[in-house]
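The values are calculated or read from the model by the stated rules, or taken from the named source; none is laboratory data. Computed from a predicted model, the values in this text were never measured in an experiment. Don't worry about glycine lacking a Cβ; one is built from the backbone with ideal geometry, like all the others, and counts go over all protein chains shown. Surface areas here come from the heavy atoms of the whole protein model, side chains and all, with no ligands, DNA or RNA. Shrake-Rupley method; radii C 1.70, N 1.55, O 1.52, S 1.80 Å.
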Amino acid sequence: MRVFNLFTKIFIKPVSSDADQARREFILNILLLGLVLLTGIAFIANSIYFFYLGSLYKGLSPFITFGSLIFFSLLLFLSRKNKSRFTAHIFIILLFTLSVFAQLTFGPDLPEALLLDALIIVFAGILINSFAAFIVSAAISIFIIFFSELELMGAYVSQTAWKLQPFRLSDIIVNIVSLLLIFVVSWMFNRELVQALKRARKSEKELRQQRDLLEQMVEERTQELKQTQLEKVSQLYKFAEFGRLSSGILHDLVTPLTSVSLNLSLLTNRSRKINKQQIIADQKLLEKVSQGVTRMELFVKSVRKQLQKQEVRYSFNVVEEIKQVLQVFHHRLDEFGIKIVVDEGKV
């Protein structure tokens, strides 16, 4: 397996980074490698028969097969050097030249030449592009029509002795080999095309997964932004609620603060004339000051719990609240000689 992988890497594996060009290069390398092996075998066989039979040898000269071996080896070398497109053009031109030579020599209707023409058109479409196949088809058609007309007019005479000879085994082999070449090249092209489609489907699947992941990330980020906005709105609502509550808080704090201030003022005015009754009265005033401070502390705790969205529940005595209010204004009542009595049984 290692030997096969090394052999494939050296002679067949494409070096082009472009997927389409790599597919064409792969097919071209296989064709050139096959031609190198065939011409190599032909050169060895011709050399053996040439030196063994001597002057009796009537076959193809070993120098021709050796030149063909060198030429196809050079084309394979160029393809391996990332010159596959240039090599494909040279290969098509070579096949076209051989076809023209065969048809000029043996006539435009030579079956082997017509099969070679079909092979050239297929190779041009697979190894280069569809436009190249169109150009080659047009050139072959023009050539066949032109020389057929010349032969019909008698201006050109080809060797037609092959038409009088019976159909030989070599003719069958040539036709079969040509058809097999067309089949092999078409099969390799379809195989590479199927693999390209598989890669395209795989890429499409990966892109779809990336799209779904991106949509999920966008959705998560949107939810995070919404949550952040809700938190900001909640904070703003707290500030607005604090502003709304502050007016009521200040109003509630004014009453105990006023009580504390008035009681302290009375204590200050009475500090010069101290007697037992005044001391008892001052103690009561201090108790009221303490009660006012306690109420302010209660208000502050209530506000803090409200800002923290905690329920605030506490019990109070209506009578005591009324008495505290009267205590706040008792000095004013004393100035005007007003006396207010609270009947606790009716409250």
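Considering only protein heavy atoms, what is the solvent-accessible area of Tyr57 at a probe of 1.4 Å, reported in Å² to the nearest 10?
The accessible area of Tyr57 comes to roughly 40 Å².
Using the beta-carbon distance between Glu320 and Lys238 and R0 = 25 Å, what value does 1/(1 + (r/R0)^6) give for FRET efficiency, to the nearest 0.05?
With a Förster radius of 25 Å, E is 0.15.
Report the label-to-label distance for Gln210 and Ser55 in nanometres (one decimal), using points 7 Å from each Cα along the Cα→Cβ vector.
Label-label distance for Gln210 and Ser55, simple model: 7.6 nm.
For Gly107, what residues show an amide H to amide H distance below 5 Å, using hydrogens built from the backbone and excluding near sequence neighbours?
Here Gln159 satisfy the definition.
Among Phe50, Phe91, what's the order by accessible area (1.4 angstrom probe), most exposed first?
If we order Phe50, Phe91 from most to least accessible, we get Phe50, Phe91.
How much accessible area does Val342 have with a 1.4 Å probe, in Å² rounded to the nearest 10?
40 Å²
In region 1-138, what is the count of Lys pairs whose alpha carbons are under 30 Å apart, counting only pairs at least 8 residues apart or on separate chains?
Count of close lysine pairs: 4.
Provide the gained length on full extension for the span Ile64 to Phe336, in nm with one decimal, where the gain is 0.36 nm per separating residue minus the Cα-Cα distance.
Contour length minus Cα-Cα distance gives 83.5 nm.
Run the numbers for Ser130 and Arg201: contour at 0.36 nm per residue of separation, minus the present Cα-Cα distance, in nm.
My answer for the length gained is 23.1 nm.
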